[in-house]
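Some notes on the structure that comes next.
The values are calculated or read from the model by the stated rules, or taken from the named source; none is laboratory data. Note that this is a predicted model, so its numbers are computed, not measured. Cβ placement follows ideal geometry from the backbone for every residue including glycine, while neighbour counts extend to all protein chains displayed.
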């Protein structure tokens, strides 16, 4: 069996700017998520047996579960034939996905079975929007409304969220409720990002309340 420093040296770090994709699999075979590691993240993972990732959005090393408590304990590690991808088998503590589900992957229908016109009811775009909002906070853009809100600060962000909540309450019809709720959710995500609160933490609180009601 390779020593952990030998594993690090075996990997081809020359690809993808020093990052390697990492597939995370639960001990029961469930594919949980996909992340990225650099040498430092892998070194910390092997030293502590707790999975660490390199966050491309935050440009730093982060340990899975450092805020949510949903840790991943490393049990087995595999390297692919090209030495540029890792498979980690872990003991998942809690859930893997920030949306509160066990896995980040969800089963979808085959494309040829879908009707010609469909409405996307998935929450994937919320995650994309959340990441865009984070980027506008960390890398402000001159003409970005989101960057403007972060520049104005807490009072402006909270005021806008309150105004949008009122707009939902006074919306006269279904279409207007949908429109105003979209504004409300956007400003909620901005508020959470400002306070450094992950959306997954809200989901965890909802799940806890659900269990209390059972």
Notebook entry, point to check: Could you say which residue among 184, 129, 206 is touching a residue at least 40 places away in the same chain (Cβ under 8 Å) and surrounded by 14 or more Cβ atoms within 10 Å (Cβ to Cβ)?
Noted result: 129
Item checked: Among residues of segment 143-152, those that are touching a helix residue (DSSP H, G or I) at 6+ places or on another chain (Cβ under 9 Å) and either farther than 14 Å from residue 190 by Cα or touching a residue at least 12 places away in the same chain (Cβ under 8 Å) (or both), counted -> 3
Check: In this structure, does residue 112 turn out to be outside any loop (DSSP other than H, G, I, E, B), at pLDDT below 90 and loosely packed, with under 14 Cβ neighbours inside 10 Å?
Finding: yes
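Residue by residue, here is whether (1) at pLDDT below 90; (2) touching a strand residue (DSSP E or B) at 6+ places or on another chain (Cβ under 6 Å); (3) closer than 28 Å to residue 132 by Cα holds:
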site: 3; (1), (2), (3): yes, no, no
site: 7; (1), (2), (3): yes, no, no
site: 28; (1), (2), (3): yes, no, no
site: 36; (1), (2), (3): no, yes, yes
site: 47; (1), (2), (3): no, no, no
site: 86; (1), (2), (3): no, yes, yes
